[in-house]
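The values are calculated or read from the model by the stated rules, or taken from the named source; none is laboratory data. It should be emphasised that the depicted structure is a prediction, and the values quoted were computed from it without experimental measurement. Note that each Cβ is placed from the backbone with ideal geometry, even for glycine, and that neighbours are counted across all protein chains shown.
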Amino acid sequence: MMSQGSSGNPRDHLLTPLEEAGLQGFHFRTWLTAGMGFFTDAYDLFIIGVVTTLLTPLWHLTTLDLMLLNSSALFAAVLGALIFGRLMDRLGRKAVYGWEAAILTVGAVLSAFSTNFWMLLILRFVVGMGVGGDYPMSGIIMSEYSNRKNRGFLVNSVFAMQGFGLLVGPLVAVILLSSGMADATAWRVMLGLGAIPAAIVIYLRRKISETPHFTLGVKGDTKETAEIVHNLTGQSVPINNSSVSKLAASPRILFRNPKLLGTLIGTAFSWMFLDMAFYGNSVSSGLVMKALQPHGTLISHTLTSFWIFLAAAVPGYWISALTVDKLGRRFIQIMGFIVMALAYGLLWMDPGIAAVPIDFLLIYAVSYFFIEFGPNSTTFVFPSEVFPVTVRGMGFGISASAGKFGAAIAAFLFPLLLIQLKLPGTMGLLAGISLLGALLTVLVLREPKGLTLREASQERLLENP
C-alpha cells in the first residue's frame, strides 16, 4: 500500500524516511522508556484496592472513605492529562517529558509515609496527576516516532505494559501478605514500591530528543526536522526550503472545525464509556471477589485476580498490539465493546451464574480479555493519531481526561453499586455502557490504519486555515 505521504508536499517529503522506515532500535528504546509509566499505572490501579482493604480496620474507614481513596488518583488524572497535554503542545514534547514521572514518583514515595486518611488522599491525588500526565506524553511521543506500518503496534505496545503491572500488583500483595509482615507495614511497602519503575525512567525521558513532527508542524523548522530524521533513520533528507509555515495552533480549532470536533467526541466519549466499564471493575476487583466468595480470604481473592489477569488480561493486551495494524483500530474497538456487553449482559440476565464461582469467573475472564484486546487498548491508540500535531496533546489530553473522569466516577460509585444493585445489577449497568461505546465508535470514528501520521491526523485541514 503506497501512502499519500510520498506526495510533493515538503512536509511529507521530510517525514517520508521516518514513515517508511522498518522497526529499528530507537523504536524499542522509546517503547521501553514510555511503557514503564504504564506498568506503574497498572500496578497502582490494582494495589490501591488491596491497600484500602488493609486500611479499613486499621483506620476505621467508612464506605465514603473507600470511595474517595479508590477514585482520588483518577480524578487527579483528569487534571493531569489536560495540563500535560496542553504543555506538550506549547513547550514541546522534550521540554515536558519526564516531569510527569517525577510527580508520580514523589507522590508514591510520600504516600507510603501517610499518617492519616487525609494525608493519603492528598498524596493519591499527586500520584494521579503524574499518571494523567503520562497518558498524552507517552502515547504521542511513541506515535510521533513511529513508522506508518507499525504505528498501531508500537503505541499499543506502550499501553500493553499495563499487563505486566497488573500481574506484579497482586504478586507483590500476595508475597507481602503471606510473609507475616504486619498489615500496618505491608500497605506502606505496597504503595512505596510503585515509585521504583517510574523513577527508573525519569532520566531516560529527560534525555529523549524532540520529535520531528513537532519541530516541523509547530516550529516550522525544516533543518532541525531533517537532522532528527537523519539521526533516527540514518537517511539523509535534502532540504528544499529553509522553512515551512507554522500550522494553526490554537486549541479552539478542535471545537471550531466540524471534522475535528466529531473526532474529539468519538475519542473522548468512547474512552469514557470504556473506563466506566473497566476501572470500577478493576479498582474494586477485590470487592467483586468478595461478593462472589464472601468467606474467602484477602490472599485468595488476590490470587484469583492474578490468575484472571494472567490468563485473560495480559494476552488481550499483546494480541491487540500484534493485530491492530492488520485488523484496524475501529474493528477491534467495536468488537471489544460488543463482547463486553454480551459478557456483562449474561451475568446480569442470569443472576444464578454468580452463585457458581467457576462459571462466573470464566465469563468475567472473557470480558477482561476483550476489554484489553479491544477498547482499553484502542481508545489509547486512536487519540495519538487522529489530531493534528499542533493540538495533538490537547486532543489526547481531553480524551484521556474524559476517560479518567469516567473511571473516577465508576471507582467512586462501584462499592455503593455493589451494595445497592448487587453483583448482577452492577454487571447489567456495565453492559449498557459497553453498548454505548460500540455505537459511538460505529457512528463517529474513522480508521487510521496504514496512513501516515499526517494523513491520519487530518493535518492538512490546518495548512490553509
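Observations, loosely collected:
- Residue identified as under 30 Å from PRO388 (Cα atoms) and at pLDDT below 95 among ALA268, ALA291, ALA311, ALA277: ALA277
- Residue check, ILE228 in a helix (DSSP H, G or I) and either surrounded by fewer than 16 Cβ atoms within 10 Å (Cβ to Cβ) or modelled with pLDDT of 90 or more (or both): yes
- Boolean, VAL172 is in a helix (DSSP H, G or I), surrounded by fewer than 23 Cβ atoms within 10 Å (Cβ to Cβ) and either of a type outside the set (Lys, Arg) or modelled with pLDDT of 95 or more (or both): yes
- Residues that are buried (at least 18 other Cβ atoms within 10 Å of the Cβ) and on the phi > 0 side of the Ramachandran plot, drawn from the range 85-117: GLY98
- Among the residues here, ILE334 qualifies as buried (at least 17 other Cβ atoms within 10 Å of the Cβ), at pLDDT 85 or above and either in a helix (DSSP H, G or I) or in contact with a strand residue (DSSP E or B) (Cβ under 7 Å, 6 or more places away or on another chain) (or both).
- The listed residues are LEU443, LEU451, and the only one of them that is in contact with a Gly (Cβ under 9 Å, 6 or more places away or on another chain), part of a helix (DSSP H, G or I) and modelled with pLDDT of 90 or more turns out to be LEU443.
- Any hit, the range 185-202, residues being more than 20 Å from ARG124 (Cα to Cα) and of a type in the set (Ser, Thr, Tyr): no
- Scanning the range 88-120 for residues that are of a type in the set (Ser, Thr, Tyr) and in a loop (DSSP other than H, G, I, E, B) yields a count of 3.
- Residue satisfying condition, being assigned to a helix (DSSP H, G or I), within 19 Å of ALA195 (Cα to Cα) and of a type outside the set (A, V, I, L, M, F, W, C), within set GLY128, GLY85: GLY128
- Looking only at the range 37-75, and only at residues there that are more than 20 Å from PRO136 (Cα to Cα) and among the aromatic types (Phe, Trp, Tyr), the one that is surrounded by the most Cβ atoms within 10 Å (Cβ to Cβ): PHE46
- Taken over the range 418-435, the criterion of being more than 24 Å from ILE334 (Cα to Cα), assigned to a helix (DSSP H, G or I) and either of a type in the set (D, E, K, R) or at pLDDT 80 or above (or both) is satisfied by GLN420, LYS422.
- The residue pairs whose first member lies in the range 45-70 and is closer than 14 Å to ASN116 by Cβ and in a helix (DSSP H, G or I), whose second member is at pLDDT 85 or above and not hydrophobic (A, V, I, L, M, F, W, C), and whose beta carbons are closer than 7 Å, counting only pairs six or more residues apart or on different chains, are LEU58/ASP183; LEU69/THR52; LEU69/ARG124.
- Against the test of being surrounded by fewer than 23 Cβ atoms within 10 Å (Cβ to Cβ), under 15 Å from THR52 (Cβ atoms), at pLDDT 95 or above and not β-branched (Val, Ile, Thr), the options LEU82, LEU121 yield a single qualifying residue, LEU121.
- The range 316-335 residues that are among the basic types (Lys, Arg), paired with ones that are surrounded by fewer than 18 Cβ atoms within 10 Å (Cβ to Cβ) (beta carbon under 8 Å, 6 or more apart): ARG329/GLU447; ARG330/ARG446; ARG330/GLU447
- Test: residue in the range 395-405 that is of a type in the set (S, T, N, Q), within 17 Å of ASP275 (Cα to Cα), in a helix (DSSP H, G or I) and within 14 Å of the chain's Cα centre (by Cα): yes
- Residue list for the range 253-270, filter: farther than 26 Å from ILE433 by Cα and either out of contact with any helix residue (DSSP H, G or I) (no Cβ under 9 Å at 6 or more places or on another chain) or aliphatic (A, V, I, L, M) (or both): ILE253, ARG256
- Within the range 212-220, the presence of a residue that is charged (D, E, K, R), assigned to a helix (DSSP H, G or I) and either more than 30 Å from MET272 (Cβ to Cβ) or touching a strand residue (DSSP E or B) at 6+ places or on another chain (Cβ under 7 Å) (or both) is excluded.
- Test: residue in the range 383-400 that is farther than 17 Å from MET142 by Cα and without any contact (Cβ under 8 Å) to a residue 60 or more places away in the chain: no
- Filtering the range 429-457 to residues that are over 30 Å from GLU19 (Cβ atoms) and crowded, with 17+ Cβ neighbours inside 10 Å leaves LEU429, LEU430, ALA431, ILE433, SER434, LEU435, LEU436, GLY437, ALA438.
- Restricting attention to the range 355-392, the residues that are in a helix (DSSP H, G or I), at pLDDT 95 or above and over 14 Å from the mean Cα position of the chain (by Cα) add up to 4.
- Test: residue in the range 170-191 that is farther than 30 Å from LEU64 by Cα and either in contact (Cβ under 8 Å) with a residue 24 or more places away in the chain or within 14 Å of the chain's Cα centre (by Cα) (or both): no
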